[in-house]
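Please treat every number below as a calculation from the coordinates, not as lab data. Computed from a predicted model, the values in this text were never measured in an experiment. Methodologically, a virtual Cβ is constructed for each residue, glycine included, from the backbone with ideal geometry; neighbour enumeration extends over all protein chains shown.
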């Protein structure tokens, strides 16, 4: 298991370096591999996040390419190593302990249900939380880092998601520019950089590699083709930004681990654990949070450990919090609700899942959220133009 590093060698610290390099005040230590002083003089700081592009994949599949040739090293993601937690860290400069988004699914007391915070919809029926009278501020607690920066900030993201409730909250007062494809991402990033002579922070997000890796596997031809396109687009972007006094930093929110069907565990197949739960599983297929009936936590942990038999680590969630897996800082007031009573941290390539009415019984080939090196290690790529 790879522990997340929040002290100077992780994604949280990269964001701290960028905040301080743009004149802000970071909540956490800066990245040892990229001190703020090194990049503070750049007219433009461009952060490109390729969702799902793990460091091990980059070094294995991208040797000699545009990204790998500019790779400075590796960092850890946050825990869990998943989009909801890591991207929120990049938008806020907060650790998961602080911003409180601890997985794709979480139980939200304000909504009275298990929901996915990024699409802002309840699990199973997939209804908007707004229809339940839930305000976004009840789910998203941390402010946008862009609002505290004394420079112009621009977010470049996919048209389909750029005006989502999640993005509207976390982009804050930053300008938003939408694209439809990878060429559009390059064009909009170039336009953002060249839109003025003032110092800027340009935040760029690309999600399709993650989508294809879930569906086909990170080691699939489809993922490889997508990675090659991203690598070429990165080179094209650097060429277009020549002479703009920009530093372009590329990284990811997490990596991927391919999990064959025989490693996919169904909670309903376990002898008894599901009967002790108050809500459906939360978190991720690689790290699942369990909300257990009052007074039955020890019984649940014993049943789960016997059934899983080494295929997962059955941990009290409060222990993971105390050990610093979710980071340090002022804890989100509902953090205990967000991580439940027990965490099932899956070993090897195992995943765990349950099903609620209305959900298609679909299993991802590529997965993330766990603590393997494939999932936790992300690249640090740095280029100057």
Report summary line: residue 319 and residue 151 label points (each 7 Å along its Cα→Cβ direction) are spaced in nm at 4.4 nm
Query raised in the report: When a footprinting reagent is the concern and you count Cβ atoms within 10 Å, what order do 307, 355 take, fewest first?
Result: 355, 307
Query raised in the report: In whole percent, what relative contact order does the chain give with Cα contacts below 8 Å and a gap of six or more residues?
Result: 27 percent
Report summary line: Per-residue Cβ contact counts at 10 Å, fewest first, order 326, 105 as 105, 326
Report task. Set the Förster distance to 25 Å, then compute FRET efficiency between residue 183 and residue 160 from the Cβ-Cβ distance, nearest 0.05. Result -> 0.95
Query - Choice from 304, 275, 328 with maximal GNM fluctuation in the chain (Cα, 10 Å cutoff) - result: 275
Report task. Take the chain, connect every pair of alpha-carbon atoms lying under 10 Å apart with a spring to form a Gaussian network, then pick out the residue of 228, 131, 192 with the largest mean-square fluctuation. Result -> 131
**Report entry** Debye-sum result for the range 261-363 in log10 I(q)/I(0), which assumes one identical scatterer on each alpha carbon, at q = 0.15, 0.19, 0.22 Å⁻¹
**Finding:** -0.60, -0.95, -1.23
Report task. Can you tell me what the convex hull of the Cα atoms of the range 134-180 projects to on average, as an area in nm²? Result -> 3.3 nm²
Report task. Please work out the Cα center distance from the range 187-209 to the range 120-154, rounded to the nearest Å. Result -> 22 Å
Report task. Calculate, for residue 195 and residue 262, the FRET efficiency according to 1/(1 + (r/R0)^6) with r their C-beta to C-beta distance and R0 45 Å; round to the nearest 0.05. Result -> 0.30
Query raised in the report: How high is the FRET efficiency from residue 298 to residue 331, r the C-beta distance, R0 35 Å, rounded to 0.05?
Result: 0.90
Query raised in the report: Across every pair of different alpha-carbon atoms, what Kirkwood hydrodynamic radius in Å does the chain reach?
Result: 21.0 Å
Report task. Please state, rounded to one decimal and in Å, the Kirkwood hydrodynamic radius that the range 184-307 gives when every pair of distinct Cα atoms enters the mean of 1/r. Result -> 18.7 Å
Query raised in the report: For residue 143 and residue 32 in the same chain, what is the full-extension length gain: residue separation times 0.36 nm, less their Cα-Cα distance, in nm?
Result: 37.4 nm
Report summary line: Among 86, 37, 116, the residue with the largest mean-square fluctuation in a Gaussian network model of the chain built from Cα contacts under 10 Å is 37
Report summary line: Of 107-114, 54-61, ordering from highest average Cβ density within 10 Å down gives 54-61, 107-114
Query raised in the report: Tell me, 18, 118, 241 in order of fewest to most beta-carbon neighbours within 10 Å?
Result: 118, 241, 18
Report task. Could I have the simple spin-label model distance between residue 1 and residue 359, label points 7 Å from Cα toward Cβ, reported in nm to one decimal? Result -> 2.3 nm
Query - Rounded Å value of the spacing that divides the Cα centres of the range 290-305 and the range 7-31 - result: 38 Å
Query raised in the report: Extension gain residue 311-residue 245, at 0.36 nm per residue separation less the Cα-Cα distance, in nm?
Result: 18.7 nm
